[in-house]
Every structure is written in C-alpha cells, then in structure tokens.
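Please read the structure below before turning to the comments.
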Amino acid sequence: MKRSLAFGGLVATAGLLAAGLATPAQATNTVSSDTLANTNLAAQEVAAFWYGEAKANLINATPYGVETTKVTAKHVSTGGPSADTKPGVVPAIGDEKKVASKSKNVNLPKTSGKVFFIGADNQPHWCTATSVQSGYKNLVATAGHCVYDTGANAATLDRWVFVPGYYQGKTPWGIYVGKQAFTHYDYDVYEDGDRDYAFVTVYNGVLPESVSADRHYESKVFRTRAEAEKELRRLQADKSTGWSDLKIVEVRGGRDDHHGRGDHRGRDDHRGRDNDRGRDHDRGYKVAVTVSEFTKLNPGKDLTGNGPWALGTGADAAVEISKGDYRSDRDSYVSRDGSTLYFRTVVDTRPGDGDGHHHGGGKGGGKDGDHNGRRDLAPSPSPSPVTDASPTASPEATADRHGDDHGRPERVYKYFKRTFWATKQQQGVGGYKIVGKKLAIGLKDVGRLGDNVGGQGLAYNQKIGKPVFVFGYPSGVHPDGNNAFTGKTLKYSYGKTFAAQAPEIKGEELQGIKSPFTGEGSIGSSWLLNYQSARRVGYLNGVTIGLADTDKNGRIDTSLSPYFDGETYGVYKAAANLWSGKIV
C-alpha cells in the first residue's frame with residue numbers, strides 16, 4: 001500500500017563545496033513509497049534466488065527494455081528545466097570534511113553497479129544504479145522505471161537487488177536486497193518523465209558462505225497432474241533453496257513411499273480390514289479390482305485367507321452369507337461380473353445319510369459345476385477359516401445334505417463372499433510427483449553498502465551547462481546496427497548538460513548530455529557533477545532515463561535525465577534516514 005508524505009529540510013555542506021557548489025535550501029515534496037522485501041526471511045529468499053543455480057539468473061539477465069528508452073529525435077528539444085529553490089548539495093560518503101582535488105586520470109567509481117529484478121515478462125533483467133550518501137549508508141539511486149513496473153501497471157518490480165561492481169556473475173561486495181523504494185508521486189501515478197528517478201533503501205549485503213552439493217529432490221505423490229503443476233509453480237516461486245531441473249514425472253505401479261515395504265512389513269492392514277477409509281498408506285486411492293486381476297497381483301495366494309498381500313493390494317473383510325445366497329455346490333466360485341469371490345469353509349461334520357448323492361456335483365449342470373452357470377475360481381483355493389470375518393448376517397452353520405454313497409459323514413459349512421482392491425499405482429499411472437535437484441545456500445553478512453563501496457553525494461538545483469561524468473553499463477546497438485557496447489563492463493562518458501524536453505515521455509523539464517551510450521543497459525546511469533577521480537566520488541545530479549539520435553545519422557548521441565530540483569531532494573530526504581539492518 002502506498003503512502004504519501006510531505007518533507008522539507010536542510011542538509012549540511014562541506015568538502016566539495018570548495019568546487020563551487022552553493023549551499024542547499026529548503027525543499028517540500030510529495031513522495032510515494034513502496035515496500036520491496038519487508039522481512040528478513042523475504043530478503044533471504046530474494047538473495048538465494050539470485051545466488052541459486054550457480055547464479056544463472058544473474059548471468060542470464062538482460063538489459064531492461066521499456067518504451068521510454070529510445071526517444072524520437074524530433075521530440076528532443078532545448079528549453080525546460082529551472083531551479084525551484086537555491087542550489088544544494090549533500091556531500092559524498094568520506095568527503096564530508098575533505099577539500100576538492102583534481103586528477104587527470106578517470107578512475108571508475110566503486111559505487112556503480114547493476115540492479116537486478118524480475119520484469120513484467122517474468123524474466124530477469126538489469127539496469128545501472130549507484131550507491132548514494134545516507135544516514136545509514138544503505139541507499140541506492142536509479143531510474144524510476146528500474147524500480148516501478150509502469151509497463152505492467154504494477155507497484156514495484158519483483159526480487160529487486162543491487163550488486164555494486166558486478167561483472168559476469170561476480171559479486172565482489174555482495175548482493176544488497178531492496179527493502180523500500182521511494183519516488184515522486186507524479187511518477188508513481190502519472191508516469192511523469194520529469195520525475196523518473198527512485199531511491200531505494202537496501203539491507204546489509206550478503207555473500208554465499210556455504211553451498212551444499214546438488215541433492216536429489218522428490219516430492220510426495222499427487223493424485224492429479226493439476227495438483228503436481230500447482231506444487232511445481234510454488235517451488236519455482238519459492239527460492240529459499242536453489243532449485244534446478246524440476247519436472248513432473250508419472251508414478252507407475254508397484255512403488256510407494258515406503259520404498260517397497262508396506263506399512264506393516266508384509267502383513268496386511270488389520271487382517272484384511274482397511275483403516276484409512278478409502279486410502280491406503282502410500283497415498284494411493286483404492287479402486288475395486290476383479291478376482292482375476294487380484295489373483296495376477298497375488299499369484300499363489302489363498303484368496304480366502306488373510307494375506308500377506310502384494311504391496312498396494314488388499315482384500316475387504318469377508319462377509320458371512322446364508323447357504324441360500326451361496327448358490328453353488330463348489331467350495332468357491334466367482335460372480336458373473338468377476339468382482340466377488342464366494343467361498344465356504346468347513347466347521348463340522350455329521351453322519352452321512354447314504355442317499356447315493358455325490359458331494360460336490362452340480363445339480364444344475366452349469367458348465368463348471370455351478371447351478372447357475374457361474375464359473376469356478378481356477379485354481380480353486382483351499383478354503384481356510386476366516387476367524388476375523390465381520391458377518392452382516394449370522395445364519396446357523398448349514399449341513400450339506402448330500403453325503404456320499406459310502407455313508408461317510410456329511411460336512412457342515414459357513415458361507416462367505418469378499419471383494420478385493422488395489423491402489424491406482426497398481427493399475428498403471430498412480431499419480432504424479434516432482435523430481436529435481438536442490439542447492440542449499442548459506443549466506444553471510446558483509447556489512448552496509450556505504451561502508452563497502454562508499455556513496456555519492458547529491459546535488460540539486462544546479463545550473464545547466466556544467467560538465468558531468470556519466471557512469472553506466474551501456475549495451476545494445478545504435479540505430480544503424482553497430483553494436484558498440486556489450487553491457488559487461490562499466491563505462492563513462494563526459495560532457496556539459498543542456499536543457500531538453502521530450503513530450504513523448506512526458507518530459508518537459510529534462511537535461512541532456514552528448515553521450516554515445518547505447519541500449520537499455522544505460523538506463524539508471526549516474527550523472528556525477530564535480531567527480532573527483534582520485535577519491536572516486538562526486539555529486540549525483542541525474543540518472544539516465546532515455547536515449548536519442550538527435551542528428552539522425554543512425555548513432556545514439558544523447559542521454560536524457562530528469563532535472564534534479566528541490567522536489568528530487570524531498571524524495572531523497574524521505575529515504576535517506578531509514579534504517580534497514582541485516583538479513584542474516
């Protein structure tokens with residue numbers, strides 16, 4: 001949620017004032033502020049995101065391209081900016097009590113670096129930025145559209161970090177995760193090019209202290225691919241651990257979460273009784289199977305007994321039925337639809353009646369000896385008592401009235417039926433899981449940004465026409481196709497500022513400088529007034545927000561920046577005295 005604040009105040013002057021910069025005056029401004037990473041844990045996850053996968057996101061990031069980068073030449077004209085109060089400065093870190101000096105050599109500032117973030121296209125990008133003076137030495141300045149996602153009309157860009165001195169994956173002074181961003185209200189709301197700048201407070205820097213070897217990762221089994229895809233997206237978004245090679249795979253039959261061992265080490269669950277109300281312990285879902293299918297999964301097993309059954313299969317509790325419901329003279333048979341096993345067990349014997357009838361013969365002459373033409377289980381199991389059956393009816397044990405013709409005793413039976421199940425894993429694709437590798441990253445604190453690389457001062461309401469150095473990481477081609485810069489190393493250009501306008505980007509009070517910097521990588525480059533090469537410090541007096549080919553010769557020749565005035569100082573002042581702290 002945004003909040004608007006009004007600020008005004010004074011800054012102390014020293015050091016580079018000897019170079020001709022006047023004292024500051026009061027400034028009043030309307031400021032917009034947004035949180036980037038508001039907790040230590042959130043900041044740790046952001047840092048791990050960029051360090052993870054061997055810094056692949058840093059290395060593969062591309063310059064951030066937005067519509068305002070290249071300004072049509074005919075829309076760049078002179079005129080525009082004017083001071084709203086008296087000129088003012090904030091001295092650079094380490095320069096508060098020093099006297100200005102001159103140097104012929106140009107040493108590149110340690111304060112410059114790249115800001116990395118996830119753009120509206122969900123891809124990693126970067127801009128140029130610089131460290132600036134602040135009360136807690138924790139402040140970064142860059143272009144507003146390198147912080148605020150005007151393209152997607154969102155609040156801020158995601159996973160925002162500053163890396164001073166970045167070079168091809170190297171982070172010599174660590175990564176500094178953005179905590180809170182400040183810009184002018186008119187830019188946040190109206191995308192006013194005259195206010196296209198931002199100041200961001202950052203946490204203490206971190207470097208990777210320990211990185212564990214890649215370890216295999218395997219998730220739980222999900223019933224559907226949609227559930228697995230949802231978890232995959234969560235893992236990809238949560239970068240507290242470095243992930244790589246994440247993918248969804250199908251789970252086939254014959255395997256569960258117990259590595260080939262059932263929950264009861266080979267015993268069935270509670271003697272044929274399932275206690276998970278439709279789910280077995282390997283997170284598979286039970287489905288009914290035919291007696292034939294169950295026999296294939298449990299070859300050689302007595303289906304009237306208590307197992308142990310093959311992993312992922314089971315028999316429902318046998319249900320006692322009446323002899324009338326049994327409808328066969330065989331010891332076992334299977335229902336017509338193949339789903340139910342009927343069987344009987346001997347519980348007693350009685351003297352035979354000598355009536356000449358043979359036990360086991362089918363009266364009805366069914367094909368396999370069943371009255372009703374039902375088929376026998378082949379081979380027939382050897383019936384055994386079902387001691388834990390939970391009968392739905394309790395008929396008296398029924399004597400079979402068909403003794404044999406030799407007068408041997410007739411048998412007394414109890415009759416049962418039972419059904420069988422297997423988990424979906426046993427039926428083929430039993431679910432889906434995510435596999436990949438994970439990289440555990442340990443982070444160590446390396447201190448405050450300003451203590452490590454220093455911080456530039458700030459100058460505002462300065463006269464147009466003064467010489468400035470521009471430091472940035474230009475990249476990309478000129479309009480004629482010449483690829484002059486790669487964006488890999490810090491470059492500089494030098495020239496005098498001039499008044500400019502660019503209505504195309506709502507810029508009526510801009511400043512320009514002649515510069516060959518190309519491409520989106522230039523965006524956010526620092527404009528340093530009175531830069532002292534020996535100490536590598538000066539006064540930040542602008543940031544590049546756009547480029548133009550003003551003489552129409554196919555070569556970029558101009559960089560544009562907002563004019564820093566008293567309202568710029570108000571935005572800076574809102575951010576300059578806020579503490580950030582450590583993340584580890």
Query - Selection status of Thr150, under 21 Å from Glu520 (Cβ atoms) and assigned to a loop (DSSP other than H, G, I, E, B) - result: yes
**Report entry** Residues of the stretch 406-428 satisfying the condition of being open to solvent by less than 10 Å² (accessible area, probe 1.4 Å) and modelled with pLDDT under 75
**Finding:** Gln425
Requested in this report: Only residues that are part of a helix (DSSP H, G or I) and at pLDDT 85 or above: list them for the stretch 50-84, please.
Outcome: Trp50, Tyr51, Lys55, Ala56, Asn57, Leu58, Ile59, Asn60
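Looking at Gly524, Gly566, Gly538, which one is at positive phi and open to solvent by less than 20 Å² (accessible area, probe 1.4 Å)?
Only one candidate passes the filter, namely Gly524.
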Requested in this report: Please name all residue pairs, on different chains or six or more residues apart, with Cβ atoms under 8 Å, provided the first residue is in the stretch 182-203 and is under 22 Å from Ser522 (Cα atoms) and without any contact (Cβ under 8 Å) to a residue 24 or more places away in the chain and the second residue is open to solvent by 10 Å² or more (accessible area, probe 1.4 Å) and part of a loop (DSSP other than H, G, I, E, B).
Outcome: none
**Report entry** Single unsatisfied condition, Tyr136 versus (1) assigned to a loop (DSSP other than H, G, I, E, B); (2) crowded, with 24+ Cβ neighbours inside 10 Å; (3) not β-branched (Val, Ile, Thr)
**Finding:** (2)
Requested in this report: Give the residue that is surrounded by the most Cβ atoms within 10 Å (Cβ to Cβ), with candidates limited to residues of the stretch 174-219 that are of a type outside the set (Ser, Thr, Tyr) and modelled with pLDDT under 85.
Outcome: Asp214
Query raised in the report: Of the conditions (1) open to solvent by less than 10 Å² (accessible area, probe 1.4 Å); (2) at pLDDT 95 or above, Tyr531 fails just one. Which one is it?
Result: (1)
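So that you can scan it fast, the table gives a plain yes or no per residue for (1) in a helix (DSSP H, G or I); (2) within 21 Å of Gly178 (Cβ to Cβ):
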residue: Tyr494; (1), (2): no, no
residue: Leu540; (1), (2): no, yes
residue: Ala574; (1), (2): yes, yes
residue: Leu578; (1), (2): no, yes
Report task. For Glu504, indicate whether it is in a strand (DSSP E or B), open to solvent by 40 Å² or more (accessible area, probe 1.4 Å) and acidic (Asp, Glu). Result -> no
Requested in this report: Could you tell me which numbered condition Ala502 fails, if it satisfies all but one of (1) hydrophobic (A, V, I, L, M, F, W, C); (2) touching a His at 6+ places or on another chain (Cβ under 6 Å); (3) at pLDDT 95 or above?
Outcome: (3)
Report summary line: Selection over the stretch 158-194 where residues are within 17 Å of Val132 (Cβ to Cβ) and among the basic types (Lys, Arg) yields a count of 1
Query raised in the report: For the subset of the stretch 507-520 comprising residues that are open to solvent by less than 10 Å² (accessible area, probe 1.4 Å) and modelled with pLDDT under 90, which member is farthest from Leu108 (Cα to Cα)?
Result: Gly507
Report summary line: Leu311 vs (1) farther than 15 Å from Trp421 by Cβ; (2) modelled with pLDDT of 80 or more; (3) open to solvent by 40 Å² or more (accessible area, probe 1.4 Å): all pass except (1)
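The values are calculated or read from the model by the stated rules, or taken from the named source; none is laboratory data. A quick note: this is a predicted structure, and the numbers were derived from the prediction, not measured. Cβ atoms come from the backbone with ideal geometry, glycine included; neighbour counts cover every protein chain shown. These accessible areas exclude ligands, DNA and RNA; they are computed on the full protein's heavy atoms, side chains included. Shrake-Rupley method; radii C 1.70, N 1.55, O 1.52, S 1.80 Å.
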